[in-house]
Amino acid sequence: MAGAGISTSAGIPDFRSPGTGLYDNLQKYDLPYPEAIFTLDYLRSKPEAFFTLAKELYPGNFDPTPCHYFIKLLQDKGVLLRHYTQNIDTLERAAGVRDDLLVEAHGSFAQAACIDCSHRHDTEWVKSQIDKDAVPRCESCGGIVKPSIVFFGEDLPRRFGQLVSEDFEKCDLLIVLGTSLTVHPFAGLATMPKPEVPRLLINRDSVGERDILNPDGFDFIRTNRDARYLGSCDDGVWHLARGLGWASDFEALLPEK
Ligand code: CNA
């Protein structure tokens, strides 16, 4: 399972890293609070803010990182049961992770619909509007056309709920990459493997640790079950690839510089 931290080395800011994260750099939008940019109420009142950001983050503007290619390597080795991502940048697809092995839990830019009448719109047209700094408006009712990324308060795609129980029944290792584990229900996936199943966190800082509010969180000190690599995701997956004897296969997947 992964979050924005696997894409920061591609040049896409995450939400919460102090200084570089989006939440520290949203002053130009004059938001009442940072998360407002991903709420329907704010979208209705000031759509320009979200669409300016969407233009910046639009797929096609960035390349996958070594960490994305590591996920592809797990797929090629036949050991990837599923990749759950919170990211909306579609860099997993760009690295070659197959649709059937991917759950884009917070949606993506792959579809777009009117927030009032749900009428679907062509994504190329939506992109062309965003590119020229226009708010895409529904041809049927004039409502705002939003890419199918999940806003706060919206339901996750059906596929997420459909796959979670069967996947975590089978999961025999969970790797958690580049996420602060603060956005629910996604963050709860970290507590879903069976109690004996090992969990590995690769992240800049330690997150998701066990406490009174999170009794099934990681315990890196008292158990052998949970392990952490504190550093960059790209470095962390390189350590893993070398440890597994896959360094040359990994190297072969990476595009030439
Ligand atoms: P977050 O809350 O911003 O947390 C990111 C985590 O990654 C933090 O713990 C960072 O310390 C860590 N981190 C950042 N860079 C690295 C790195 N290079 N190596 C290792 N660790 C790193 O982001 P989450 O994904 O946890 O929050 C969920 C939100 C963020 C989702 O709803 C996403 O849609 C949303 N988001 C997505 C993108 C994207 O698609 N790339 C970008 C920004 C935000």
(message) I need the per residue convex hull volume for the stretch 1-78, using only the alpha carbons, in cubic angstrom as a whole number.
(response) 115 Å³
(request) Take every Cα-Cα pair in the stretch 153-257 and report what % of them are more than 22 Å apart. (result) 41 percent
(message) Using helices alone, I'd like the mean residue ellipticity at 222 nm for the chain: each DSSP H run of four-plus residues gives -39500 (n - 2.57), total over residue count, nearest 500.
(response) -8000 deg cm²/dmol
(request) With r as the distance between the Cβ atoms of Trp125 and Arg44 and R0 = 35 Å, compute the FRET efficiency 1/(1 + (r/R0)^6) and round to 0.05. (result) 0.95
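Just subtract the alpha-carbon distance of Glu169 and Asp76 from 0.36 nm times their residue separation and send over the number in nm, one decimal. All intermediate terms of the calculation are to be shown ahead of the outcome.
On the way: separation 93, 0.36 × 93 = 33.48 nm, distance 2.22 nm.
Full extension from Glu169 to Asp76 adds 31.3 nm.
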(message) Please list, in order along the stretch 129-134, the HN-Hα scalar couplings obtained from phi with the Karplus expression 6.51 cos²θ - 1.76 cosθ + 1.60 (θ = phi - 60°), rounded to whole Hz, x for Gly and Pro.
(response) 5, 4, 4, 9, 6, 9
(request) Consider all pairwise Cα distances in the chain and report the whole-number % of them above 35 Å. (result) 17 percent
(request) Pull up all non-local amide H partners of Ala110: gap of 5 or more, or a different chain, and H-to-H distance under 5 Å with H placed in the peptide plane. (result) Ser148
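Give the relative contact order (percent, whole number) for the stretch 107-204; include only Cα pairs under 8 Å separated by 6+ residues.
23 percent
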(request) Please give the peptides 180-193, 26-39, 67-80 ranked by average Cβ packing (other Cβ atoms within 10 Å per residue), highest first, as a rough proxy for protection. (result) 67-80, 180-193, 26-39
(message) So if I restrict to the alpha-carbon atoms in the stretch 1-152, what is the Rg, and what is Dmax, the biggest pairwise distance, in Å?
(response) 16.0, 49
(request) Give the calculated FRET efficiency between Asp63 and Asp219 to the nearest 0.05, with a Förster radius of 30 Å applied to their Cβ-Cβ distance. (result) 0.25
(request) In Å³ and rounded to a whole number, note down the convex hull volume per residue for the Cα atoms of the stretch 51-117. (result) 93 Å³
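Any idea how many Lys pairs in the stretch 1-128 come in under 21 angstrom at the alpha carbon, given 8 or more places apart or on separate chains?
Count of close lysine pairs: 5.
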(request) Tell me which residues come under 5 Å, amide H to amide H, from Leu102 once H is placed; ignore anything under 5 positions away on its chain. (result) His83
(message) At R0 = 35 Å, how high is the FRET efficiency between Leu101 and Arg242 if r is their beta carbon distance? Nearest 0.05 is fine.
(response) 0.90
(request) Would you mind putting 43-50, 162-169 in packing order, based on average other-beta-carbon counts within 10 Å, highest first? (result) 43-50, 162-169
(request) Take the eigenvalues of the Cα gyration tensor for the stretch 1-45, scale each by 5, and report the square roots as semi-axes in whole Å, largest first. (result) 22, 13, 8
(request) Let me know the charge dipole size of the chain about its Cα centre in debye, to the nearest 20, where only the beta-carbon of Lys, Arg (+1) and Asp, Glu (-1) is charged. (result) 100 debye
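What percent does the relative contact order of the chain come to when contacts are Cα pairs within less than 8 Å and at least six residues apart? Let's see the in-between values first.
Values: 391 pairs, mean separation 46.4, N = 257.
Result for the chain is 18 percent.
The numbers here are math on the coordinates, done by the rules we state, and not lab data. Everything numeric in this text was worked out from a predicted model, so none of it was measured. Because the Cβ atoms are built from the backbone with ideal geometry, glycine has one as well, and the counts that use them run over all protein chains shown.
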